[in-house]
1. Could you figure out which of (1) open to solvent by less than 10 Å² (accessible area, probe 1.4 Å); (2) under 21 Å from F3 (Cα atoms); (3) out of contact with any His (no Cβ under 8 Å at 6 or more places or on another chain) isn't true of F99?
2. Report, ordered by the first and then the second residue, all pairs with beta carbons closer than 9 Å, sequence separation of six or more or different chains, a first member in the stretch 8-27 that is touching a residue at least 24 places away in the same chain (Cβ under 8 Å), and a second member that is surrounded by 15 or more Cβ atoms within 10 Å (Cβ to Cβ) and among the basic types (K, R).
3. Of (1) open to solvent by 30 Å² or more (accessible area, probe 1.4 Å); (2) closer than 30 Å to P151 by Cβ, G20 satisfies all except one. Which?
4. If the Cβ limit is 9 Å and pairs must be 6+ apart or interchain, which residue in the stretch 43-61 that is at positive phi pairs with which residue that is surrounded by fewer than 16 Cβ atoms within 10 Å (Cβ to Cβ) and not polar (S, T, N, Q)?
5. Let me confirm something: among G116, G120, G108, which residue is open to solvent by less than 50 Å² (accessible area, probe 1.4 Å), closer than 15 Å to A57 by Cβ and not aliphatic (A, V, I, L, M)?
6. Of (1) modelled with pLDDT of 95 or more; (2) crowded, with 21+ Cβ neighbours inside 10 Å, G60 satisfies all except one. Which?
7. Has the stretch 25-38 got at least one residue that is within 15 Å of the chain's Cα centre (by Cα), among the hydrophobic types (A, V, I, L, M, F, W, C) and surrounded by 17 or more Cβ atoms within 10 Å (Cβ to Cβ)?
Amino acid sequence: MNFTSLGGSDAKLIDLKVHGDSRGSFARTWCTKLFDDAGVAFTPIQGNTSLTKTRGAVRGMHFQRAPHADAKVVRCSHGRIHDVIVDLRDGSKTLGETFHVELGADDGRMLFIPAGFAHGFQALSEDAIVEYLMGEAYYPELYDGARYDDPLLSIEWPEPVTEISERDREWPDLEARMPWLQRSAA
C-alpha cells in the first residue's frame, strides 16, 4: 500500500499493490501494520456496503458528530464513483477545503477519511458498489449531513445529479450550524 496525503490534509489516497495473472488479480485491502507504519491511526470496527444503481445519483454528504465522529476507509469494488470529502474540523489547517477523488473497481485505490470530514459520492456508472470500513459505531442521534448543493460547500459534481434521497435533500444549511466553517469560506 502506498499512502498519499490529499492537499496537505490528514486524508490519504491509498494505492493498493495489485497482483495479477491470467486468472485475475489479488490485493490486500486492510493491514494494521501498514496503516500504523504510514502514521494512520485507524481501527475498523464495522463494515458497510452500498449499491447505487443509477449513474449520476449522489449519496451524502454525511458525517457523525463528536464525541463519536467517524473516520472511514472507502473503496469502490464495482463500477466507478466521484468521491468528495470536506474538512469540517474547527481549527484544522484544511478547514472548509474540499477534496475530490475518483475511485473505481479497476484502479486499486482506497480513500482514508479522517473523523470530522463530511463524505459523499456520485456514481459514475450503473450499479456502483462502495465498501466502507468504519472506525466508530453508528449513533443515530449523532448522524448528520449536508446537502450535496449546500452553498457553503460549493461542491462541483462532474455529472448532473440524477437522484438523491429525501433525507439528503433536506439537511439544513451548514452556515447556521457550523459558524467556524463559515469563517473559512470568507
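1. So the condition that F99 fails would be (1).
2. Going by the 9 Å Cβ cut-off, the qualifying pairs are D10/R89; L13/R109; I14/R75; I14/R109; D15/R109; L16/R75; L16/R109.
3. G20 satisfies every listed condition except (2).
4. From the stretch 43-61, the pairs are G56/E159; G56/P160; G56/V161; G56/E163.
5. Numbers: G116 fails: closer than 15 Å to A57 by Cβ; G108 fails: closer than 15 Å to A57 by Cβ.
Result: G120 is the single residue among G116, G120, G108 that is open to solvent by less than 50 Å² (accessible area, probe 1.4 Å), closer than 15 Å to A57 by Cβ and not aliphatic (A, V, I, L, M).
6. (1)
7. Looking through the stretch 25-38, none of the residues is within 15 Å of the chain's Cα centre (by Cα), among the hydrophobic types (A, V, I, L, M, F, W, C) and surrounded by 17 or more Cβ atoms within 10 Å (Cβ to Cβ).
The values are calculated or read from the model by the stated rules, or taken from the named source; none is laboratory data. This structure is a prediction, so every number in the text was calculated from the model and none was measured. Positions of Cβ are backbone-derived with ideal geometry, glycine not excepted, and every protein chain shown enters the neighbour counts. SASA here: full protein model, heavy atoms, side chains in, ligands and nucleic acids out. Shrake-Rupley method; radii C 1.70, N 1.55, O 1.52, S 1.80 Å.
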